[in-house]
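See below for the structure under consideration.
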Amino acid sequence: MKESEIRNTYNKKIKELKKHNKLYFEESSPKISDNEFDQIKKEILNLEKKFPYLKDTSSPSVSLGYTPSKNFIKTEHRVKMLSLSNAFDINDLENFQKKIFNYLNKKIEFEYSVEPKIDGISASLTYKNGLLVMGASRGDGTTGEVITENLKTISDIPQKISNKDFPKDIDIRGEVFIKKKDFSELKNDFANPRNAASGSLRQKNPEETKKIPLKFIAYTYGFFTNEKIKKQSEFLHSLKKWGFKTNEHNKVLKTIKSLENFHKKFENDRFDLEYDVDGLVYKIDSLELQKRLGFTANSPRWAIAHKFSADSGYSQITDINIQVGRTGALTPVARIKPLNIGGVVVSNATLHNEDEIIRKDIRLGDTVKVERAGDVIPHVVLVDLKKRKKNSKKFIFPKKCPCGFDTIKEFNKVTKKYDAVRRCPDRGFDCEKIAVEKIKHFISKEALNIDGLGKKVVEKFWDLKLIRFPQDIFNLDYKQISQLDGWGNLSVSNLKYSIDQSKKVSLDRFLYSLGIRHIGIENAKLLAEYTKSITNFLNFIQNKNLNEFLNIDGIGETQINSLKKFFENKSNYRIIEKLSSLLNISNLKINKGGKLLNNTFMFTGKLINMSRAEAKSLIEENSGSVVSSVNKKLKYLIIGEKPTIRKVQQAKQFGIKILSQKEWLNLLD
Ligand code: IVH
């Protein structure tokens, strides 16, 4: 067969698969049997095996091929299911520990609970009075899918626990996975064991889930009113006592050196395990210390995943494309001849930025080593110079953005160096490439969370000129959309529903959704807490009062400059005005129960055994707020060691109450 014929056959199969996927999962009216459906998938996978250049995002080797969120009832997790930050080497581990010491403002000794990180799908099980009442998938971490019946088919999951010690109301969390040997029988249907676990766990029909031998290992809790258990390792023992399976390789270690040694040994031993493990998880063992350290936006400060080294392979660069990100950063991406790395076909690898290309002297046609670890984007590690063609030329990084604007390299005042990244200057929505990315950001999970409108759909609607600005999303022509290929009545009404749902949004999410550089989730929250409502926020902008945001602890010049630059562009302001009339932007919910409500604090001098960040969290947890300059609005100035005399004098002039660290902590009991 000619290549074009092969591609044709393949594309036809993909189209068929998509059609039946939709019929089954979205419209709940399958037209073929499960066996016939599996047959199509098998044929696609076989073609890909024979002809590795074949690839489609809807292939079962890439996507799980369904949209489960529409099939299951959703549930909001009582306690968020967060992810872990990653460490790849001892440097990262030392940094992790250093950050902990900084946060506590003290070097202390502690132990780690060390647990293998099984590569599966996490699940949360709610038990009330010893009975399994609900099981949910992780979903986006805040909201999961109710998959109780499917989880009940897993024999490792107890449905009734009579142990006297078992808490009356608790969420048990752990990993659902499939053993390597069981996967070998399914390998024609799924790309890897993780996909197999995920696919079967989210089957519509629990009878289908039952056919696949899924396992469950428990490792943590979500909601839990714990009074007795003091350590993570103790909790793991309790889990075992209550009837859950826990990992037999869990252990407690103390020093970074011992973590490193264990990691080295385990990295080799893991191949003898019955299941796939992609790293080790280190958690601070003391639960009290965990509580003190708390969380950043997405992950706990008290835990980290130490990944095993990446899988890699060699392939040839066929092209280098420049991608433009939401903030205008130009990222070079190498298109490579398809390469199978650890069961996943890779055909793109990032080259990071212009400086990296220069440093590694990466050229078109080069044979390169590509690495891939877990969910991390594959990247080019090095060039195999022996294979370089004689006539190869240095790659010249374009000085213009694909939109036509000249690009710039910014000077970083802190490092006193030019950035490695070249950028298209962010002129609002003028650069088409940035504009699409901004819209993708606007609809993303942490922003407006419009799940019926994925990134691919945004691209399609953009190409069809259905959207140019975020506000266009709320004025879509649904009639026109229903005439597009692949848009049935059900998917159009789903889209309309999720867009309508997204109109109610909290101020912090809204500010984050604007995609202003340096205003991530955390900073958006700070701005929302300070301005309280969208009207106030817009007033600040209109009155050019942005410098007042310097009062917010955590907001500095970088953020202010970025806000100024963003609003210098009048069209950005108009977009926000439009959006604020279309949306229902709710003021930030203030925790009204706290002891420090309506009280403002400021610190000067070094605190004992506590960092500023921790002190700030403590105040905010109790509904107070922290400011960073002495003014009349300030109620208390808290002094640590070696305070700034000028601040203390100013406070005295204004009649602000001055507290020692001890007096302040007494306010909180
Ligand atoms: S703790 C906030 N412990 O890793 C605590 N996670 O990136 C997060 N995982 O979604 C979970 N083994 O699917 C924890 N012993 C273990 C784990 C583990 C595997 C997975 C889990 C989670 C992901 C975090």
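The values are calculated or read from the model by the stated rules, or taken from the named source; none is laboratory data. This is a predicted model, so every value here is computed, not measured. Because the Cβ atoms are built from the backbone with ideal geometry, glycine has one as well, and the counts that use them run over all protein chains shown. SASA here: full protein model, heavy atoms, side chains in, ligands and nucleic acids out. Shrake-Rupley method; radii C 1.70, N 1.55, O 1.52, S 1.80 Å.
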Working carefully through the options GLU149, GLU109, GLU185, find the one that is modelled with pLDDT under 95, more than 16 Å from the ligand (Cβ to nearest atom) and closer than 25 Å to LEU289 by Cβ.
-> GLU109
Hits in segment 122-162 (condition: touching a residue at least 60 places away in the same chain (Cβ under 8 Å), more than 16 Å from ALA218 (Cβ to Cβ) and among the small types (Gly, Ala, Ser)) | GLY139, GLY141, GLY144
Does segment 524-536 contain at least one residue that is modelled with pLDDT of 90 or more, of a type in the set (Asp, Glu) and either in contact with a strand residue (DSSP E or B) (Cβ under 9 Å, 6 or more places away or on another chain) or open to solvent by 20 Å² or more (accessible area, probe 1.4 Å) (or both)?
-> no
Top-ranked residue of segment 212-254 - restricted to ones that are away from the ligand (no atom under 16 Å from the Cβ) and modelled with pLDDT under 95, ranked as surrounded by the fewest Cβ atoms within 10 Å (Cβ to Cβ) | GLU227
Given LEU82, LEU104, which one is near the ligand (Cβ under 8 Å from one of its atoms), touching a residue at least 60 places away in the same chain (Cβ under 8 Å) and closer than 22 Å to LYS616 by Cβ?
-> LEU82
Name every residue in segment 419-435 that is part of a helix (DSSP H, G or I) and open to solvent by 20 Å² or more (accessible area, probe 1.4 Å), in order of residue number.
-> GLU432, LYS433
Is one or more of the residues making up segment 458-474 touching a His at 6+ places or on another chain (Cβ under 9 Å) and in a loop (DSSP other than H, G, I, E, B)?
-> no
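Counting only residues that are in a strand (DSSP E or B) and within 14 Å of the ligand (Cβ to nearest atom), which one in segment 262-294 is farthest from LYS117 (Cα to Cα)?
Within segment 262-294, the match that is farthest from LYS117 (Cα to Cα) is ILE284.
Which of the residues belonging to segment 436-475 are of a type in the set (A, V, I, L, M) and either within 17 Å of the chain's Cα centre (by Cα) or on the phi > 0 side of the Ramachandran plot (or both)?
Listed by number, the residues that qualify are ILE443, ALA447, LEU448, ILE450.
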Members of segment 578-627 that are among the aliphatic types (A, V, I, L, M), over 23 Å from PHE654 (Cβ atoms) and in a loop (DSSP other than H, G, I, E, B) | LEU583, LEU588, ILE590, ILE608, MET610
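So which residues in segment 295-311 are away from the ligand (no atom under 15 Å from the Cβ) and open to solvent by less than 60 Å² (accessible area, probe 1.4 Å), if there are any at all?
Across segment 295-311, the qualifying residue is only ALA310.
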For segment 381-416, what are the residues that are under 23 Å from ARG326 (Cα atoms) and assigned to a strand (DSSP E or B)?
-> LYS400, ASP406, ILE408, PHE411, ASN412
